[in-house]
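Right, one structure below, let's go through it.
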Amino acid sequence: MLELKVIRAQKERIVAGLKVKNFKNLDLVDQVLKLDDQRKAIQSALNDIEAKSNSASKEIGKLFKQGKRDEANALRASISGLKSQSQDLKDQLKSVGTNLEDALVQLPNIPHDSVPLGKGEDDNEVFQAWGEDLPILEDGAKPHWELAEQYNLFDLKLGVKITGAGFPLYRGKGAKLQRALIAFFLDEAEKAGYEEIVPPILVNEASAFGTGQLPDKEGQMYHATVDNLYLIPTAEVPITNIYRGEIVEEKQLPIKLTGYTPCFRREAGSYGAHVRGINRVHQFDKVEIVQITHPEKSYQALEDMLEHVKQLMDKLELPYRILRLCGGDVSFASALTFDFEVYSAAQKRWLEVSSVSNFETFQSNRMKTRFRNDKRKTELCHTLNGSALALARIFAALLENHQTPEGIVIPEALRSYTRFDIID
RNA sequence: GGAGAAAUGGCAGAGCUGGUUUAAUGCACUGGUCUUGAAAACCAGCGUGCGAGAAAUCGCACCGGGGGUUCGAAUCCCUCUUUCUCCGCCA
């Protein structure tokens, strides 16, 4: 949620930013400001009436105590009109407040200055290309779904039987590889100074709103309607919401947290060859890193997170590139997002495996996550998060890129976790 | 699932027969005095949001959430949520 005072003070910049995001309903900005003006006027009038009513009530109390019953009753009668006036203003305030809130939550975050113009994924900027030649596999190289069948690593049909399409079942060395990757990613995050969290994987409405999943992406989440809880699409939701409504001391920043969770996404409307195997699934495992920082230090933190993910990709010996997402592809809540894509040599295409974003104050304003600055005033923090890393596609890329005629070779860094060197 | 009790500031904890309560008091925290330094003691400050104002400051709201009664609600009523105790079930 954008900050009202920023919209008011820097309207030109906001409108320009919304254009970069290809946001169409620019009139909303003026509507928001108009509603806020109305809110202020009503609030001011209400305050005056309540001040009058409060002081009169105090006086009535005093008079009763002194036994001046007649005077008290006279005063009581004289302010009887105030009540309906203030009730009227309260109703107005509530309705204007609701309209303001509804309008405000429709505005996406404005992009960082470095975000390139563009409509969709084709316009993303290659921020860091893969420096070497792309790997070329020998003839007969197989896509991961064939390798998985050959070595009995996962079974999609069983997933369908138990649940439905897009819920893979891993088994044998496939299951062990999953577990090894999770442990490896968590250990690497811990080494980088992140505290490990095991959060709930169902969240309430307030949490889903806090990080921006509601009301915008309601259809993307599984909803347990009986209890009105949502299955998390990413650990970002429960972990960032730890600090919802909190005011921390400046010296506590940056707060660095990591957590492994399964992630659930309905992915409504995705079909075809691009979703074969485990390229796109409804349930996958992910280790997420989250940072809550001082506003002036968030872009340094973003760079640190990029470095962290790069190092993971290097240790897994996978070819990757980094994209800077264009205005049309940056998510609703994000100011700047870098995507990591792994090159799948067998499918000969790039697959997104990590998304690292700075949300600036967009989430913290929704969540009211603040710190006390050196003037002892409260100020919104910046929030960031990144996948480090998302498993299903990394799993697929490992199989495809490390396949040899003898089997699938496990990267050196992972062997102490898998406790096998090859899948054959 | 059944029965009962409770929810007050960072924490502890009064107020809860409705009206000088501006939410007592203690601890913690911040600044100061004293001290070579520290501790102790003493003094002062110490919640959040909104509104008005150039500012000092002033006003309004907030005692788990929402609603109600009343001139006036932390206090009375309704409702939801959460916690605790006992019973039942259970990894």
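The values are calculated or read from the model by the stated rules, or taken from the named source; none is laboratory data. On a predicted model such as this, the values are computed, not experimentally measured, just so you know. As a convention, Cβ positions derive from the backbone with ideal geometry for all residues, glycine included, and neighbour counts pool all protein chains shown.
Would you say A:Leu312 is buried (at least 21 other Cβ atoms within 10 Å of the Cβ) and either in a helix (DSSP H, G or I) or of a type in the set (A, V, I, L, M) (or both)? Walk me through it before giving the result.
Working: buried (at least 21 other Cβ atoms within 10 Å of the Cβ): yes; either in a helix (DSSP H, G or I) or of a type in the set (A, V, I, L, M) (or both): yes.
For A:Leu312, the condition - buried (at least 21 other Cβ atoms within 10 Å of the Cβ) and either in a helix (DSSP H, G or I) or of a type in the set (A, V, I, L, M) (or both) - is met.
Restricting the first residue to region A:237-252 and requiring it to be farther than 14 Å from A:Thr378 by Cα, which pairs with a second residue that is surrounded by 17 or more Cβ atoms within 10 Å (Cβ to Cβ) and among the hydroxyl-bearing types (Ser, Thr, Tyr) meet a Cβ separation below 6 Å and a spacing of at least six or different chains?
A:Val237/A:Ser207; A:Val237/A:Thr211; A:Thr240/A:Thr211; A:Thr240/A:Thr383; A:Asn241/A:Ser207; A:Tyr243/A:Thr369
So, in region A:146-162, how many residues would count as being over 15 Å from A:Ile423 (Cβ atoms) and either free of Cβ contacts under 8 Å to residues at least 24 places away in the same chain or in contact with a Lys or Arg (Cβ under 7 Å, 6 or more places away or on another chain) (or both)? So that I can check it myself, show each step before the final result.
Of all residues in region A:146-162, those over 15 Å from A:Ile423 (Cβ atoms) come to A:155-162.
From what's left, either free of Cβ contacts under 8 Å to residues at least 24 places away in the same chain or in contact with a Lys or Arg (Cβ under 7 Å, 6 or more places away or on another chain) (or both): A:155, A:157-162.
Total meeting the criteria: 7.
Report yes if some residue within region A:111-128 is among the aliphatic types (A, V, I, L, M), within 30 Å of A:Lys11 (Cβ to Cβ) and over 25 Å from the mean Cα position of the chain (by Cα); otherwise report no.
Pass one, region A:111-128, residues among the aliphatic types (A, V, I, L, M): A:115, A:117, A:126.
Filter once more, keeping what is within 30 Å of A:Lys11 (Cβ to Cβ): A:115, A:117.
Still in the running and over 25 Å from the mean Cα position of the chain (by Cα): none.
Checked against the condition, which is being among the aliphatic types (A, V, I, L, M), within 30 Å of A:Lys11 (Cβ to Cβ) and over 25 Å from the mean Cα position of the chain (by Cα), region A:111-128 yields no hits at all.
Matching residues to (1) outside the structural domain of A:Glu400 (by TED's automatic domain parsing); (2) under 26 Å from A:Glu307 (Cβ atoms); (3) modelled with pLDDT of 90 or more; (4) in contact with a Cys (Cβ under 9 Å, 6 or more places away or on another chain):
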{"residue": "A:Ala175", "(1), (2), (3), (4)": "no, no, yes, no"}
{"residue": "A:Ala180", "(1), (2), (3), (4)": "no, yes, yes, no"}
{"residue": "A:Ala206", "(1), (2), (3), (4)": "no, no, no, no"}
{"residue": "A:Gly212", "(1), (2), (3), (4)": "no, yes, no, no"}
{"residue": "A:Leu231", "(1), (2), (3), (4)": "no, no, yes, yes"}
{"residue": "A:Ala235", "(1), (2), (3), (4)": "no, yes, yes, yes"}
{"residue": "A:Tyr243", "(1), (2), (3), (4)": "no, yes, yes, yes"}
{"residue": "A:Ala273", "(1), (2), (3), (4)": "no, no, no, no"}
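Run down A:Lys161, A:Lys176, A:Lys119 and say which single residue is crowded, with 16+ Cβ neighbours inside 10 Å and of a type in the set (Lys, Arg). First the steps, then the outcome.
Details: A:Lys161 fails: crowded, with 16+ Cβ neighbours inside 10 Å; A:Lys119 fails: crowded, with 16+ Cβ neighbours inside 10 Å.
One residue alone meets the criteria, A:Lys176.
Filter region A:20-49 for residues that are within 30 Å of A:Val115 (Cβ to Cβ) and either among the hydroxyl-bearing types (Ser, Thr, Tyr) or in contact (Cβ under 8 Å) with a residue 12 or more places away in the chain (or both) and give the result. Show your work before the answer.
Going through region A:20-49, the residues within 30 Å of A:Val115 (Cβ to Cβ) turn out to be A:20-36.
Passing the criteria: A:Val20, A:Lys21, A:Asn22, A:Phe23, A:Asn25, A:Leu28, A:Val29, A:Gln31, A:Val32, A:Leu33, A:Leu35, A:Asp36.
Go through region A:122-137 and give me each residue that's closer than 24 Å to A:Leu398 by Cβ and either among the hydrophobic types (A, V, I, L, M, F, W, C) or not in a loop (DSSP other than H, G, I, E, B) (or both).
Residues of region A:122-137 closer than 24 Å to A:Leu398 by Cβ: A:126-137.
Selection gives A:Val126, A:Phe127, A:Gln128, A:Ala129, A:Trp130, A:Leu134, A:Ile136, A:Leu137.
Can you confirm whether A:Val353 is free of Cβ contacts under 8 Å to residues at least 60 places away in the same chain, closer than 26 Å to A:Asn152 by Cα and buried (at least 21 other Cβ atoms within 10 Å of the Cβ)?
Numbers: free of Cβ contacts under 8 Å to residues at least 60 places away in the same chain: yes; closer than 26 Å to A:Asn152 by Cα: yes; buried (at least 21 other Cβ atoms within 10 Å of the Cβ): yes.
Judged against the criteria, A:Val353 is a match.
Only one residue in A:Lys119, A:Lys94, A:Lys90, A:Lys83 is touching a Cys at 6+ places or on another chain (Cβ under 9 Å) and not hydrophobic (A, V, I, L, M, F, W, C). Which one?
Values: A:Lys94 fails: touching a Cys at 6+ places or on another chain (Cβ under 9 Å); A:Lys90 fails: touching a Cys at 6+ places or on another chain (Cβ under 9 Å); A:Lys83 fails: touching a Cys at 6+ places or on another chain (Cβ under 9 Å).
The match here is A:Lys119.
From the residues in region A:285-309 that are among the charged types (D, E, K, R) and out of contact with any helix residue (DSSP H, G or I) (no Cβ under 9 Å at 6 or more places or on another chain), which one is surrounded by the fewest Cβ atoms within 10 Å (Cβ to Cβ)? Reasoning before the result, please.
Taking region A:285-309 as the starting set, the residues that turn out to be among the charged types (D, E, K, R) are A:285-286, A:288, A:296-297, A:303-304, A:307.
Going one step further and asking which of them are out of contact with any helix residue (DSSP H, G or I) (no Cβ under 9 Å at 6 or more places or on another chain), we end up with A:296-297, A:303-304, A:307.
Numbers: A:Glu296: 8, A:Lys297: 14, A:Glu303: 12, A:Asp304: 20, A:Glu307: 11.
Within region A:285-309, the match that is surrounded by the fewest Cβ atoms within 10 Å (Cβ to Cβ) is A:Glu296.
Residues are listed down the side, and each one gets a yes or a no for (1) under 20 Å from A:Leu100 (Cβ atoms); (2) at pLDDT below 90; (3) more than 7 Å from RNA strand B (Cβ to nearest atom); (4) assigned to a helix (DSSP H, G or I):
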position	(1), (2), (3), (4)
A:Leu28	yes, no, yes, yes
A:Ser53	no, yes, no, yes
A:Ser57	no, yes, no, yes
A:Leu63	no, yes, yes, yes
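Among the residues of region A:365-397, count how many are within 12 Å of RNA strand B (Cβ to nearest atom), of a type in the set (S, T, N, Q) and in contact with a helix residue (DSSP H, G or I) (Cβ under 8 Å, 6 or more places away or on another chain).
Residues that pass the stated criteria total 2.
Kindly establish whether A:Leu33 is surrounded by fewer than 18 Cβ atoms within 10 Å (Cβ to Cβ), within 23 Å of A:Pro215 (Cβ to Cβ) and either assigned by TED's automatic domain parsing to the domain that holds A:Leu336 or within 13 Å of RNA strand B (Cβ to nearest atom) (or both). Before you say what the answer is, go through the steps one by one.
Values: surrounded by fewer than 18 Cβ atoms within 10 Å (Cβ to Cβ): yes; within 23 Å of A:Pro215 (Cβ to Cβ): yes; either assigned by TED's automatic domain parsing to the domain that holds A:Leu336 or within 13 Å of RNA strand B (Cβ to nearest atom) (or both): yes.
Yes, satisfied.
Restricting to region A:73-116, and then to whatever is part of a loop (DSSP other than H, G, I, E, B) and free of Cβ contacts under 8 Å to residues at least 60 places away in the same chain, can you tell me which residue is surrounded by the most Cβ atoms within 10 Å (Cβ to Cβ)?
A:Ile79
Quick one: is A:Gly131 among the small types (Gly, Ala, Ser), touching a Gly at 6+ places or on another chain (Cβ under 6 Å) and more than 8 Å from RNA strand B (Cβ to nearest atom)? Quick ask: steps written out before the conclusion?
Working: among the small types (Gly, Ala, Ser): yes; touching a Gly at 6+ places or on another chain (Cβ under 6 Å): no; more than 8 Å from RNA strand B (Cβ to nearest atom): yes.
Spelling it out, it is not the case that A:Gly131 is among the small types (Gly, Ala, Ser), touching a Gly at 6+ places or on another chain (Cβ under 6 Å) and more than 8 Å from RNA strand B (Cβ to nearest atom).
Identify all residues within region A:194-232 that are free of Cβ contacts under 8 Å to residues at least 60 places away in the same chain and surrounded by 21 or more Cβ atoms within 10 Å (Cβ to Cβ); write none if there are none.
Matches in region A:194-232: A:Val203, A:Ser207, A:Ala208, A:Gln213, A:Tyr230, A:Ile232.
When you scan region A:188-210, how many residues do you find that are more than 15 Å from A:Leu229 (Cα to Cα) and assigned to a loop (DSSP other than H, G, I, E, B)?
We begin by selecting, within region A:188-210, every residue more than 15 Å from A:Leu229 (Cα to Cα); these are A:188-198.
From what's left, assigned to a loop (DSSP other than H, G, I, E, B): A:192-194, A:198.
So the answer is 4.
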